[in-house]
Amino acid sequence: MISPTSLSGVYLITPPRFGDHRGFFSESWNKKNLMEAGLDLPEFVQDNHSLSREVGTVRGLHFQSPPHAQGKLVRCGRGRIFDVAVDVRKGSDTYGQWVGEKLSFENGKQLWIPAGFLHGFMTLEPDSEIIYKCTDYYAPECDGAVKWDSCGIDWPLEGITPVISEKDEKAQVFAAFETPFTKDNT
C-alpha cells in the first residue's frame, strides 16, 4: 500500500506481510511492484543500518547537499521510531513544513523521503534499529544538519528526555539555514 503524505513527494509505504504460525514474510523492497502501483523511485546505491539503545535518542535533522543529495527509504527493523521529513526545497508550497510517522517492526511501514528534505528520527523503544536505502553514496563534504528542535516539529517527548549527539546539538538552527535545494532541482 502506498499513501501520499501532506508533503509532495514523501510517501508512506506498507509492504504486504504474509504470515502463519512461524512468523511472516515480506518483500521490503520490490521496484517492479512499486512501479506497477505508480511509484517510480530512483536507484538505490547504499543501505544503512543503525541501532539506538536509549528511548528518546534523536538523530537528525540531516541532509546531504547536491551534487550528492540523497533520497532515503526508511524502515524500522526492531523497536519503534518517530520518523520525520522537513521540506527544504526553495519555492515549494510546503517549505518548512514537516511530516512525522511512527515506524515499527510491528507495523512494517516505510517512509520514502526524496532529496530536498531534512530527515531525522526519535526512538520510542529501547534498542530500536533503523534501516534505510539511499540514492547516493555518503559524501562527507556534502553532509549537513539542522538542529532537531528548531523546525517546530511536534516530537513525542512526553516523559522522555532526548538523547542527542554533540554534532546534532551544535547544528545550525532552521532560521539560519540556507537551503541548497530548489523545488525543481533538488
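We did not get these values from a lab; they are worked out from the coordinates using the rules stated. No experiment lies behind these values; they were computed from the predicted model shown. Cβ placement follows ideal geometry from the backbone for every residue including glycine, while neighbour counts extend to all protein chains displayed.
Overview of results
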read-out	value
E141 paired with I160, simple spin-label distance in nm, labels 7 Å along Cα-to-beta-carbon	3.7 nm
Gaussian network model of the chain, springs between alpha carbon atoms under 10 Å - residue of D168, D40, D136 with greatest fluctuation	D40
Estimated dipole of the chain in Debye, rounded to 20 [Cβ of Lys and Arg +1, of Asp and Glu -1, Cα centre]	260 debye
Per residue, the convex hull volume that the Cα atoms of segment 1-53 enclose (Å³)	155 Å³
Hypothetical label at S150: residues of segment 162-186 whose amide nitrogen lies under 17 Å (7 Å Cα-Cβ projection)	164-181
Reciprocal of mean inverse Cα separation for the chain (Kirkwood radius, Å)	16.8 Å
Antiparallel DSSP beta bridges within the chain, percent to nearest 5	90 percent
Choice from D143, D20, D154 showing the highest fluctuation, given a GNM over the chain with Cα pairs closer than 10 Å	D20
Residue of K133, K90, K170 that the Gaussian network model of the chain assigns the largest fluctuation, springs spanning Cα pairs under 10 Å	K170
